Amino acid sequence: MWPAPSLTRPLLTSPTNRRWLPVVLGYFALAILESILLGGQGAAALAAESSLKQAVQIGERLTYEISWLNIVAGTAVMEVAGGDRISENKVAKFVMTAQSSPVVTKFYPVDNRVESLVDLSNFQTDHMTFRRREGRRKNDFEYTFNHQEGKVLAVKDGVAETLAIPPETLDAISCLYYVRSTIPLKPGATQTLNVHHDKKNYKLEVRVEAIESVEGSWGRVDAARLLVVMPFQGIFLNQGNLKVWLMTDERRIPVRMKAKVIIGSIVADLVSGYQEARGAP
């Protein structure tokens, strides 16, 4: 997958392309998690623990290889861990990490980590942290949600601000696991949902385009191809649209994610965790 050395260095060092490295790594995985696979039939009504048991499995760990212009730019990992109980309700901790590959780290190191603590009785976020390390930029975000009052306490680099949020708001990571249990995998299906990220509220939409066969390290599987319509620009400087391939079995594992940018496309392919998630020996 690697270009010749004479081509690789200009790709990474040119002023134009270096601007894309934080996009490729720092935001790609997070953008996926904040916008893909959106449910909209009412989070509180649909997200009972019994309906989430297939897609929310404590111990699941999915690893993705992120590539751009045939360069392996880094990896992203999504994990589900157990958490403390909230008011006697079961809690899951969703963790996402994104790291640059060794060759990219020489020019633009990326080491991001996001954690979200979610009450599985209603799938509402209690607390979320985002540790962003991209080049020279270092930010720490912390969100404490109060869904009953429709507010979130957002702290960025030690500065706190209380913001209003719509009913049934999900965070940038929990929306992925929520929709893995709720979205109808039928061509033509559309859903919307409220997501809060980076001190802003977004209403996002997903469309199920088709069911097709896709092949990768996981073998060949049937997957639903979803188009995610993002109503804002800035992450990909395009129309903001993403495509995601979601397996059609009971686990609904995302096996591939793709987004077009001004220069080429960014692709995330599942490279580890599929067999474990399937329950293989």
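The values are calculated or read from the model by the stated rules, or taken from the named source; none is laboratory data. Just so you know, these numbers come straight off a predicted model, no measurement behind them. No Cβ is skipped: glycine too gets one built from the backbone with ideal geometry, and neighbour counts run over all protein chains shown.
Observations, loosely collected:
- Those strands (runs of 3 or more DSSP E) of region 135-214 in which at least 2 residues are more than 23 Å from ALA92 (Cβ to Cβ) and at pLDDT 95 or above, considering only elements entirely within it, cover 159-164.
- Candidate set: region 113-126, residues that are of a type outside the set (Gly, Ala, Ser) and in contact with a helix residue (DSSP H, G or I) (Cβ under 6 Å, 6 or more places away or on another chain); chosen: the one surrounded by the most Cβ atoms within 10 Å (Cβ to Cβ): VAL118
- Scanning region 166-197 for residues being of a type outside the set (Gly, Ala, Ser) and over 20 Å from the mean Cα position of the chain (by Cα) gives a total of 4.
- Of all residues making up region 147-187, the number that are farther than 15 Å from LEU246 by Cα and surrounded by fewer than 14 Cβ atoms within 10 Å (Cβ to Cβ): 12
- Scan of region 68-92 for residues that are out of contact with any helix residue (DSSP H, G or I) (no Cβ under 9 Å at 6 or more places or on another chain), at pLDDT below 90 and not in a loop (DSSP other than H, G, I, E, B), ordered by number: ALA81, GLY82, ILE86, VAL91
- The set of residues in region 102-124 being among the polar types (S, T, N, Q) and more than 15 Å from the chain's Cα centre (by Cα) consists of THR105, SER121, ASN122, GLN124.
- Residue in region 135-150 that is under 24 Å from PRO166 (Cα atoms), more than 20 Å from the chain's Cα centre (by Cα) and in contact (Cβ under 8 Å) with a residue 12 or more places away in the chain present: yes
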